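The values are calculated or read from the model by the stated rules, or taken from the named source; none is laboratory data. Predicted, not measured: the structure shown is a model, and the values here were computed from it. Cβ: placed from backbone, ideal geometry, glycine included. Neighbour counts: every protein chain shown. Each accessible area value is taken on the protein alone, full model and side chains, heavy atoms only, with ligands, DNA and RNA left out. Shrake-Rupley method; radii C 1.70, N 1.55, O 1.52, S 1.80 Å.
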Amino acid sequence: MTAAIEVDGLRKSFRSRAVTVEAVRGITFAVPGGTVFGLLGPNGAGKTTTLRMLTTLLPIDGGTATVAGVDVARQPATVRQRIGYVSQAGGADDLATGRENLRLQGALYGAARGQLEGRVAELVERLDLSPFADRRVRTYSGGQRRRLDVALGLVHRPQVLFLDEPTTGLDPQNRAHLWEHVRSLADDGTTVVLTTHYLEEADALCDQVVIVDHGQVVAEGTPEALKREVVGESLSLTVRDPGRLDDALGAVQAVDGVLDGTIDGAEVRLRVGDGSAVLPAVLGMLQARGVDVESVNLARPSLDDVFLARTGRSLRDAGGPRAEVAGE
Amino acid sequence: MKLTRDVGLLFWRSELQLLRNPVWLLVGASTPLLYLALFTPLLGELPGLHGRGTGAVLDEFLPGILSLLAFSSGAGPGFNVIFELQSGVIERFRVTPTSRLALLAGPILASMVAMFVFDAILVAVGIAFGFHAHPAGMAVLAVLAGLLMAMVAAFSMATALTTKEISGFAAVINGLNLPVLLLAGVLLPIALGPSWIRALAHVDPLYYLVVASRSLATGGLASSATWEAFAVLVPLCGLTLAWATRVYRRAVA
Ligand SMILES: Nc1ncnc2c1ncn2[C@@H]1O[C@H](COP(=O)(O)OP(=O)(O)OP(=O)(O)O)[C@@H](O)[C@H]1O
Ligand SMILES: [Mg+2]
C-alpha cells in the first residue's frame, strides 16, 4: 500500500522574546493508506505541533511532509481539500446547534445543498448525536461536544483524518464507540492519524504508533512489535518447594525465547520474547525436571514500558494528570 | 462564485450569532440612545445652540453619534476573533478550503448590517424628538459609515489575529480609541482646539467621516467634505482590507 503520509525530518521552533522552544526536532515517519496511526507522548512532546504542520496551520521550519500525495508546504490549498482535522480545542460554534454546525462545515467544503442534509443526518446517526443535535452546543457535556467535533472533521469524507486527542473527556462506553467508528473509517480506506494519552487506546486502536518525547521520535512500530522488541514480556512463577527455585531457574533458562531470568524473593522472574509461545515450553521443562509449579503470572508489557525503556521516565509521570487517567 | 458563496455562509453564521446574543443586542441598541439621552441636554446649553430647541441640537449632534457608532462597531469582530482563536473555531475554518477573504468579510458584513439597524433605531428616535433627516444625505452617510466600519473591523480582526491574546489586542484598540475619538471631534468640536490639534485631526480617518456627516445630515450632498471623505476612506478601506486578507492568508495561530 502506498504511504498516505510521509514526514521527513520535520522541525518547528517557536521564538518568543528571549526563549526559543524547539517543539519538533526532526520527526520522520510514514503512514500507509487506510490505517490508524498513533502519535503518543507526554504533554508538550510536540504532538499537536506536528499535526498543525501537517494540516497547513503552521509553517514548516525544516524537513518535508506529504499528505495524501501532496506536498504540504507547496500546495496547502490542495491538502486542505483532502484532509479533515479535529483540533484539541474542538472549535464548534457555541451559539449554533450541532446540526447547524455540521451543515455549515459541509457547505464550506462545497457540499451541494441536496446532499448536505443526508450527510448531516448520517453523521448524527453514526456518532450518536441525535439526542442533542438540535440543541445549542453551549449546553453540551464535554463528551457530547467531542463527538460533534469528530463529526465536523468527517463531513466531507476526507482521505486523511487528523484527530488531536479525540477521546479525551469521553466515558468508556463512548470511547469504545468512537474506536469502533475510527476502525470502520480505516476499513473503508480513510487514513487516520490520532494523538492520545491513553496507552490502551494506542494499543487497541492503532496499527502503528510513534512515541514522541521532546520533539523527537523515541520509538516506532506496531504496538505489538514495540512491546516485544523493546522489553519483551515478564513471566514470573512460584514453585511449591522454595528449595528448588535455583533448579527451576537453571532449567527454564535453557528454553528457547527466554531472554534472561532472576530470582526475586520467592519468585522466578523471566524476561521472555512472546509469552504465550514460551509459556507452554517453560511449564513442560519444569514438569520434566519434576518441579511443581504453584502459580504463573504473565505480564504483558504496556507502551509505558516502552517509553520507560527508551527515556528512563514513565509516560505516566511525564504525562501529568491526564496521563494518569490513562493508566487506570 | 466560491468567494460569494463562502461570504454568504459566514455572513449568516455571524448574523445568527449576533441575534442569539441578547446581551450584546441590548447593549448595542441602547448605547447610542444613551449617548443621545445624556448628551443632548448638555449640548443644549452650548452658546450657539442655546434656546434653539432639541431639534437643532440633534441636527448638530446625531450625525456625530452615527460616526461614533461606525467606529465602535468595528471593534466587535476583533474581540470575537480573540474568542474564536481560543475556542478553536478559527483553526477549524482555516483547515477548510474556505476563502480567506470570506473569513474576514462574513463577520464584517454581519456587524455592518447590525450597525445599520442600530443606526435606523437611532435616527427614528431622533426624528421623534425633532431631528431633521434628509433621506439622500443619510443614504450617502450610510455608505461612508459602512466604509469606515469595514476598515476598522478589518484592522481589528487582523490585529486580533496577530496579537492572539486579549491583553495585547485590548491594549492596541484602547490605545487608539481615545486619540481617534478626540481628534475626530465627535463629542467635542475640534474647532475649539489649538491649530496643531486641528492639523493633527487630518491623519484621523474618523475626522473626515464626522465632518462629512454634519453636512450630509443637513442635506449638503455635494459638499467638499463629502468628496474628501470618499477620497480618504475608499483607498484606506481598500488598503486595510488587503492587508488584513494578507494577515489571514499567512499561517498564523
Ligand atoms: N504557539 C506556540 N508558541 C510557543 N510555544 C509553543 C506554541 N505551541 C506549542 N508550543 C510549545 O511547543 C511544545 C510542544 O507543544 P505541543 O502542543 O505540540 O505538545 P503536545 O504534545 O500536543 O502536548 P499535549 O499532550 O499537552 O497536548 C510545548 O513545549 C509548547 O509549550
Ligand atoms: Mg496537544
Average Cα contact separation per residue, region B:2-251, under 8 Å, 6 or more apart, as relative contact order %: 27 percent
For peptide B:9-17, the mean count of other chain Cβ atoms within 10 Å per residue Cβ is 3
Rounded to the nearest percent, how much of the accessible area of chain B (1.4 Å probe, protein heavy atoms only) is carbon and sulfur? 74 percent
Note on region A:46-133: contact order normalised by length, alpha-carbon pairs under 8 Å, 6 or more apart, percent, works out to 18 percent
Given a 1.4 Å probe, show me the residues in region A:29-73 buried by at least 30 Å² of accessible surface when comparing the whole protein assembly to the chain alone. A:Arg52, A:Leu57
Efficiency of FRET from Cβ geometry, A:Ala277 and A:Ala18, R₀ 45 Å, rounded to 0.05: 0.20
In region A:1-123, if the dipole is taken from +1 on Lys/Arg beta carbons and -1 on Asp/Glu beta carbons about the Cα centre, which of A:Ala4, A:Val19, A:Thr55 is farthest to the positive end? A:Val19
Per residue, accessible area of the protein assembly as shown with a 1.4 Å probe, heavy atoms of protein chains only, in Å², comes to 44 Å²
Taking a crude spin-label model, label points 7 Å out from Cα along the C-beta direction, the A:Gln253 to A:Ser234 distance in nm is 2.0 nm
Assuming 0.36 nm per residue, please report the length gained on full extension of the stretch A:Thr222 to A:Arg136 beyond their Cα-Cα distance. 26.9 nm
Give me the mean projected area, in nm² to one decimal, of the convex hull enclosing the Cα positions of the protein assembly as shown. 34.0 nm²
Note, region B:176-190: 3J(HN,Hα) by Karplus (6.51, -1.76, 1.60, θ = phi - 60°), whole Hz, Gly/Pro = x, goes 7, 3, 5, x, 5, 5, 5, 5, 6, x, 5, 8, 10, x, 5
Long-range amide H contacts for A:Val218: which residues qualify at under 5 Å (H placed 1.01 Å from N, peptide plane, sequence gap of 5 or more or a different chain)? A:Ile211, A:Val212, A:Asp213
Run the numbers on chain A and let me know its relative contact order in percent, using alpha-carbon pairs under 8 Å that are six or more apart. 19 percent
GNM, chain B, Cα, under 10 Å: largest mean-square fluctuation among B:Leu109, B:Leu241, B:Leu18? B:Leu18
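Considering every residue in B:94-102, what mean count of other chain Cβ atoms within 10 Å of its Cβ is obtained?
6
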Cross-link reach from A:Lys12 to lysines, straight Cα distance under 22 Å and at least 8 residues apart if same chain, gives A:Lys47, B:Lys164
nm² value of the averaged projected area, convex hull over the Cα atoms of region B:2-251: 13.8 nm²
Point-to-point label distance, B:Trp24-A:Glu180, nm (Cα→Cβ direction, 7 Å offset): 3.9 nm
Per the helix-only model, chain A has a calculated mean residue ellipticity at 222 nm (DSSP H runs of ≥4, -39500 (n - 2.57) each, divided over all residues, rounded to the nearest 500) of -11500 deg cm²/dmol
Hey, how much of the P(r) for region B:108-193 falls beyond 15 Å, as a percent of Cα pairs? 71 percent
Would you calculate a helix-derived [θ] at 222 nm for chain B, using -39,500 (n - 2.57) for each DSSP H run of n ≥ 4 and dividing by the full residue count, to the nearest 500? -27500 deg cm²/dmol
Dipole of the protein assembly as shown, Cα-centred, from +1 at each Lys and Arg C-beta and -1 at each Asp and Glu C-beta, to the nearest 20 debye? 2220 debye
Where the centroid of each part is defined by its Cα atoms, how far is region A:150-196 from region B:176-253 in Å? 51 Å
10 Å Cβ neighbours from other chains, averaged over peptide A:85-91: 6
Which distance in nm do the two modelled labels at A:Asp128 and A:His214 give, with both placed 7 Å along the Cα-to-Cβ direction? 4.1 nm
Find the sum over both chains of the accessible area lost when A and B are paired, probe 1.4 Å, and report it in Å² to the nearest 100. 2300 Å²
